Amino acid sequence: MKSFLLPVALLVSSTLATPAIATSNASSLNNAEQLREQALRSHLGYDIVESLTVEVGPRLAGTPADAVAVAWAEAKFAELGFDKIYKQPVTVRHWERGHANASILAPFPQPLAITALGDSVATPQGGITGELVFFDSVAELEAADPKTVKGKIVYIDARMHQHREGKEYSLAVAGRSIGSSVASKKGAIALMIRSVGTDKSRMPHTGNMRYQDGVKKIPAGAISTSDAMMLMAMKKRGKAITVNMDLGTTAYKPKTSYNVIGEITGSTLPDEYILIGAHLDSWDEGTGALDDGAGVGITMAAAKLIQQYKPKRTIRVVLFANEEGGLVGAKEYRDANEAELHKIKLAGESDFGARSIWRFDSQVHPDNLDVMAQVAKVLKPLSINHGDNKAGGGPDVSILPAKGVPVFSLRQDGTDYFDYHHTANDTLDKINPEELRQNVAAWAVVAYITAQAEEELLPLAVK
């Protein structure tokens, strides 16, 4: 594994290469370089993820474990010495999966590894049995004659391949998110999909789905990619395939969860904020180490390391509630704080695992691109390239630019992220501590330099 620790000579040359700037700004850049090196030698980020995954574990929104996670976050912020710690209430759905079983009954009986999709209704007791009708995508299903679907179980075999940027996720995920309602409109009795993932294993991937208002709700589950391959091989035999799918899900009354927020108060501009964050909730089958325990550890550790340098602007860490249910905590944060959003001078979220960051993007006012260039220079020794000014900011933060909030993205290598995403295999052992330290270093650099910027950080022009 490539090391990110830098020789002294390189650090000196890096500092000398900084262009002539105001003394105070030069001092901040020097501090940023020191901060970068401290982060590369710190175990704090990993220790935080370990604490979350061991002491809390899976934390599905609305469940008792979600409440434990909220209490853990408050206590961890306090332990780390954040100046201000508070919660923002968020109404979240409370759904639990119960049991999930499936099997091929004919022509060649076989068990299937299956998981319920988030918010799926349960099957009748004993499961639901039907003949499979096959589609490669939601678009193909939408174009199908309802006569070919009525009374059957729709199966969607949308596939993903590994990419550093996870490029195919947005296409493959359509079957998971809206496939059940599309199938139901055509008379299907249930939906089964190939897991939205890039692994070859018997670990099915769960994930959120959305029922369309006014459309009959039908059960929906995902089978593992290995079983999907077997199922498609069976289809080649030219015989009708009958399956039984038995899901024991339960929906309860909505619960109150919380966005948990910790701040390092700015020394001279306390009412201007650099917001960094992650989401606190996770799916219930793994321990949520990659999604998004890593982001929690990265951003909390970065802010804590910055604290020693007494930043001018406030560093605000937001641990969002129920991202997995559809950015629920983020939307509440946006709406509840709408009158104050102009005080957020830059925002970003870590929510793509724990692999090394390879690129830094921003979406800021053109007059602040020079600050982004300063950030990029300090990030360069971490093997992070300077990208463009079209950043999304991360899932929860992505809804803020429409309100004029500038954002940034530190883009991680996601080549194997979807091997583990939303599976029981999302566990602490998948995190490489050295790569996690590189992440913490990068987040600390971005947050600190922008917190120290001498010039005014301007809002985006909202169309």
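The values are calculated or read from the model by the stated rules, or taken from the named source; none is laboratory data. Predicted model, so just to flag it, every value in this text is computed and none were measured. When we count neighbours, we look across all protein chains shown, and the Cβ atoms used for this are built from the backbone with ideal geometry, even at glycine. Keep in mind that these areas ignore ligands, DNA and RNA; they rest on the heavy atoms of the full protein, side chains included. Shrake-Rupley method; radii C 1.70, N 1.55, O 1.52, S 1.80 Å.
Brief remarks follow.
- Of all the criteria given as (1) aliphatic (A, V, I, L, M); (2) in contact with a helix residue (DSSP H, G or I) (Cβ under 7 Å, 6 or more places away or on another chain); (3) surrounded by fewer than 24 Cβ atoms within 10 Å (Cβ to Cβ), the one not satisfied by residue 369 is (2).
- Of all the residues in the range 36-70, those that are small (Gly, Ala, Ser), within 27 Å of residue 93 (Cβ to Cβ), open to solvent by less than 50 Å² (accessible area, probe 1.4 Å) and not in a loop (DSSP other than H, G, I, E, B) number 3.
- Scan of the range 329-357 for residues that are surrounded by 18 or more Cβ atoms within 10 Å (Cβ to Cβ) and farther than 14 Å from residue 318 by Cβ, ordered by number: 345, 352, 353, 354, 355, 356, 357
- Among the residues making up the range 292-311, those that are open to solvent by 10 Å² or more (accessible area, probe 1.4 Å) and part of a helix (DSSP H, G or I) are 304, 305, 307.
- For the range 221-242, the set of residues classified as among the small types (Gly, Ala, Ser) and in a helix (DSSP H, G or I) consists of 226, 228, 233, listed by residue number.
- Enumeration of residues in the range 189-218 that are part of a loop (DSSP other than H, G, I, E, B), of a type outside the set (Lys, Arg) and open to solvent by 10 Å² or more (accessible area, probe 1.4 Å): 189, 198, 199, 201, 203, 204, 211, 212, 213, 214, 215
- Strands (runs of 3 or more DSSP E) contained entirely in the range 108-174, each with at least 1 residues that are more than 14 Å from residue 247 (Cα to Cα) and in contact (Cβ under 8 Å) with a residue 60 or more places away in the chain: 110-112, 128-135, 153-156
- For residue 75, the test of being open to solvent by less than 20 Å² (accessible area, probe 1.4 Å), outside any strand (DSSP E or B) and either among the hydrophobic types (A, V, I, L, M, F, W, C) or farther than 27 Å from residue 193 by Cα (or both) is failed.
- Single residue of 335, 419 found to be without any contact (Cβ under 8 Å) to a residue 40 or more places away in the chain and closer than 24 Å to residue 60 by Cα: 335
- The number of residues in the range 237-265 that are open to solvent by 60 Å² or more (accessible area, probe 1.4 Å) and of a type in the set (Ser, Thr, Tyr) comes to 4.
- Residue match in the range 377-391 (condition: closer than 16 Å to residue 274 by Cα, buried (at least 19 other Cβ atoms within 10 Å of the Cβ) and touching a helix residue (DSSP H, G or I) at 6+ places or on another chain (Cβ under 7 Å)): no
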